[in-house]
Amino acid sequence: MNMNYGVWRTDPDTVLLPVWYLLVRRRLHQWTPADITHYQQQQIQRIVRYARKYAPWYHDLYRDIDTTVLTELPITDKQRLMDNLTRANTLGLTRKEIFDFCLEVEQTRDFSRRYQGLNIGMSSGTSGNRGVEITTPREERYLRTAFLARFPFIPGEKLNLAFILRVSTPAFSLNRFGHRLTYVDQLQPMDAIVSQVQRIQPNVISGPASLLLQLARQRREGRLTTTPKRLISYAEVLTPEDRKVLRDTFGAEVHEIYKATEGAIGMSCAQGSLHINEDLVAVETLDRDGSPTPAGQPCRQMLVTDLHKTSVPIIRYALNDIITISPDRCACGSAFRVISQIQGRGDDLLWARTHNRTWHPIFPDFIRRAIISASDRIESYQVIQESPDEMTIRLMPALDQTVADAVTQRIRDVFEKLDCVPPAVTIEWQPPEPNKNSGKLIRIHRAFADPTQ
C-alpha cells in the first residue's frame, strides 16, 4: 500500500505551516490579478504532474493530451470520480474499503474515527449520489491553518466557535492557542441544540442558514440567550433576507464559508464579502456553450481545481452550483474575486416553455424576489417545480387567501415577463421540508430532469 500522504515535496508552500499562515494572510490583500493567474498556472501544472504520476486513472485520462493548457483538460464530475475512486486516489486505497468505512461511521455516528490515519467522510449530496472526502494529515493541517489565517477574528478575543452540522470529522475539533471549536450535532432535537449552545456560550455560531434561522426564532422567543458576536453560514444558500433576519435578531455580523467536498472555495473577509480562495482553488465559471461567463451574470457551469490536494486530485471538477461573480472589487481592496450571489444548484434552475415552444431558464433569484415582495408577513417559503406546468409553493406562517393570490400573481408576472407560459401554482400553508438525502433545506427546487439535456 502506497500511503503517500506525507509532505508533498513539489508543493513548498504548505511544508512549513508558520510560513503558509503568513503567505495566506498576505496574499488576500497584496496579490494582483496577475499574481493570482501566475500562481494558479504554476500550481495546476504541479498537481497535474502529481496526478499523472500517482493516480492511474488520471494517467490514462491525460494520455495524448496537452496538459500545459488547463482548458484542454477533460472535465470530471462526482459520478466519474467515484466510479474510478480506486485508481483516482494516490493512497493505494480501494473504493470498497473507503465506502465500507464511511457507511460504518454513518451507522455508528462515531465521527472521531480515522481510517489508517486518514480523515474520510461521506457526502450524500442533494441528489442522493454518494461521494466521499479524503483528507490526509498534511491536507488537514494546511486547511486548518488557512482558515485561521483568513478568518476575520473578533478583535481582542480568542475564537470560541459552536460548529453545527449534520456530521462531524476529527478535523472539526480545535483547542489550541486558546482557540476552541466545539461540534454540535444538527440531528439532535432543537431543545438539545439550544441547551448545548447555551453551555458553550460561543462568541461565534456557525451552521447551515436554516439552522441559524431556527436559533434566531429561539432567541426571539426567549429560549436562547447566548449573544454571539459573529455568525457563519455554510452548506445552504444564504439569501439577503436571511442575512437581515439573522443580523437583526442577534445584532451580529453574518459571514459565509463556501466549502464543498471538492475544495475550500470561498470565505468572507472582514467587509463581509465572500471571496474565492484564489490561492487554494482555481474556479472557472462557464456559460452553456463553454465560454467564460461575464462577471455580473450567473454561470451555467462551475469548474473547480484544488491547487494543493493530492490524496484525491480535484482537477476541472464540475460542480452543480450556479454562482455570480461580482464585476466590482471588494471594499477591502483584495483582488480575489467576490461571489456576489450563490444562486443554488443546477437543480434549482427552473425551466419554462416560451410561447414559441422553446425552453427558457428561470433563475431562482427571480422566484425568490417574487415571493418576498408579495407580502412582508411571509417568514419562510419553499418552491417545488414538479413539471413545466406545475409548481407547489409552501408558505409559513399560514396567512389569508389575499397573500396566496398575491404570490401566485407575482409568479405569473415573472413567467409572462420572460414570454413564458406560467405554471399552475398550488399554495400549501406548511413549513419547508429539508432534502431527504442531504438534510439541507433547499428553498427552490426543480423536481424533473433538465429538458435541454
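Is there a residue being more than 28 Å from MET122 (Cβ to Cβ) and in contact with a helix residue (DSSP H, G or I) (Cβ under 6 Å, 6 or more places away or on another chain) anywhere in the stretch 260-271? Within the stretch 260-271, not a single residue is more than 28 Å from MET122 (Cβ to Cβ) and in contact with a helix residue (DSSP H, G or I) (Cβ under 6 Å, 6 or more places away or on another chain).
Quick check on my filter: what residues within the stretch 203-231 are among the small types (Gly, Ala, Ser) and closer than 22 Å to GLU433 by Cα?
Just the residues of the stretch 203-231 that are among the small types (Gly, Ala, Ser), to begin with: 206-207, 209-210, 216, 222.
Result: SER206, GLY207, ALA209, SER210, ALA216.
Looking across the stretch 294-330, the residues that are assigned to a loop (DSSP other than H, G, I, E, B) and open to solvent by 20 Å² or more (accessible area, probe 1.4 Å) come down to PRO294, ALA295, GLY296, GLN297, ARG300, ASN320, SER326, PRO327, ASP328, ARG329.
GLY333 satisfies every condition listed in (1) within 21 Å of the chain's Cα centre (by Cα); (2) on the phi > 0 side of the Ramachandran plot except (1).
Here is a yes/no grid of residues against (1) at pLDDT 95 or above; (2) in a loop (DSSP other than H, G, I, E, B); (3) under 28 Å from VAL338 (Cβ atoms):
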{"position": "MET1", "(1), (2), (3)": "no, yes, no"}
{"position": "TYR5", "(1), (2), (3)": "no, yes, no"}
{"position": "TRP8", "(1), (2), (3)": "no, yes, no"}
{"position": "VAL19", "(1), (2), (3)": "no, no, yes"}
{"position": "ASP35", "(1), (2), (3)": "yes, no, yes"}
{"position": "TYR39", "(1), (2), (3)": "yes, no, yes"}
{"position": "HIS59", "(1), (2), (3)": "yes, no, no"}
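Is there a residue being under 20 Å from the mean Cα position of the chain (by Cα), under 30 Å from ALA374 (Cα atoms) and not aliphatic (A, V, I, L, M) anywhere in the stretch 161-179? The answer is no; no qualifying residue exists. Of all the numbered requirements in (1) open to solvent by 20 Å² or more (accessible area, probe 1.4 Å); (2) within 30 Å of GLY131 (Cα to Cα); (3) touching a helix residue (DSSP H, G or I) at 6+ places or on another chain (Cβ under 9 Å); (4) of a type in the set (A, V, I, L, M), LEU187 misses one, and that requirement is (3). Selection of the stretch 178-207 for residues being assigned to a loop (DSSP other than H, G, I, E, B) and either closer than 14 Å to PHE250 by Cα or touching a strand residue (DSSP E or B) at 6+ places or on another chain (Cβ under 6 Å) (or both) yields GLN186, GLN201, PRO202, ASN203.
Count, please, the residues in the stretch 331-354 that happen to be over 23 Å from GLN453 (Cβ atoms) and surrounded by 18 or more Cβ atoms within 10 Å (Cβ to Cβ). Lay out the reasoning, then the answer.
Step one: list which residues in the stretch 331-354 are over 23 Å from GLN453 (Cβ atoms), which gives 331-341.
Filter once more, so that each one left must be surrounded by 18 or more Cβ atoms within 10 Å (Cβ to Cβ): 334-339, 341.
Number satisfying all stated conditions: 7.
Of the residues in the stretch 429-446, at least one is touching a Pro at 6+ places or on another chain (Cβ under 7 Å), closer than 20 Å to ASP347 by Cα and part of a strand (DSSP E or B). Looking at the stretch 231-238, can you tell me whether even one residue there is within 19 Å of the chain's Cα centre (by Cα), among the β-branched types (Val, Ile, Thr) and buried (at least 16 other Cβ atoms within 10 Å of the Cβ)? Within the stretch 231-238, one or more residues are within 19 Å of the chain's Cα centre (by Cα), among the β-branched types (Val, Ile, Thr) and buried (at least 16 other Cβ atoms within 10 Å of the Cβ).
Specify the residue that is surrounded by the most Cβ atoms within 10 Å (Cβ to Cβ); the eligible residues are those in the stretch 104-118 that are touching a helix residue (DSSP H, G or I) at 6+ places or on another chain (Cβ under 7 Å) and either modelled with pLDDT of 90 or more or more than 15 Å from ASP185 (Cα to Cα) (or both).
TYR115
Contact map, the stretch 28-50: first residue crowded, with 18+ Cβ neighbours inside 10 Å, second residue part of a helix (DSSP H, G or I) and of a type in the set (Lys, Arg), Cβ cut-off under 8 Å, separation 6 or more or different chains; pairs are LEU28/ARG150. Annotation note: of THR86, THR145, THR67, the sole residue that is open to solvent by 60 Å² or more (accessible area, probe 1.4 Å) and either part of a helix (DSSP H, G or I) or touching a helix residue (DSSP H, G or I) at 6+ places or on another chain (Cβ under 9 Å) (or both) is THR86. In the stretch 353-378, the residues that are farther than 22 Å from TRP429 by Cα and in contact (Cβ under 8 Å) with a residue 12 or more places away in the chain reach residues that are of a type in the set (Val, Ile, Thr) and open to solvent by 20 Å² or more (accessible area, probe 1.4 Å) with C-beta atoms within less than 6 angstrom, at least six apart or across chains, in these pairs: ARG353/VAL421; TRP359/THR452.
Surrounded by fewer than 20 Cβ atoms within 10 Å (Cβ to Cβ), out of contact with any strand residue (DSSP E or B) (no Cβ under 9 Å at 6 or more places or on another chain) and closer than 21 Å to ILE322 by Cα: which single residue out of ARG357, ARG410, ARG369, ARG377 fits that description? Show your work before the answer.
Details: ARG357 fails: closer than 21 Å to ILE322 by Cα; ARG410 fails: closer than 21 Å to ILE322 by Cα; ARG377 fails: closer than 21 Å to ILE322 by Cα.
The match here is ARG369.
Note on the stretch 89-104: residues that are assigned to a loop (DSSP other than H, G, I, E, B) and touching a Leu at 6+ places or on another chain (Cβ under 6 Å) amount to 0.
The values are calculated or read from the model by the stated rules, or taken from the named source; none is laboratory data. Owing to the predicted nature of the structure, the values given are computational and were not obtained by experimental measurement. Backbone-built Cβ (ideal geometry, glycine too); neighbour counts: all protein chains shown. We work out accessible area using only protein heavy atoms, side chains counted, and drop any ligands, DNA or RNA first. Shrake-Rupley method; radii C 1.70, N 1.55, O 1.52, S 1.80 Å.
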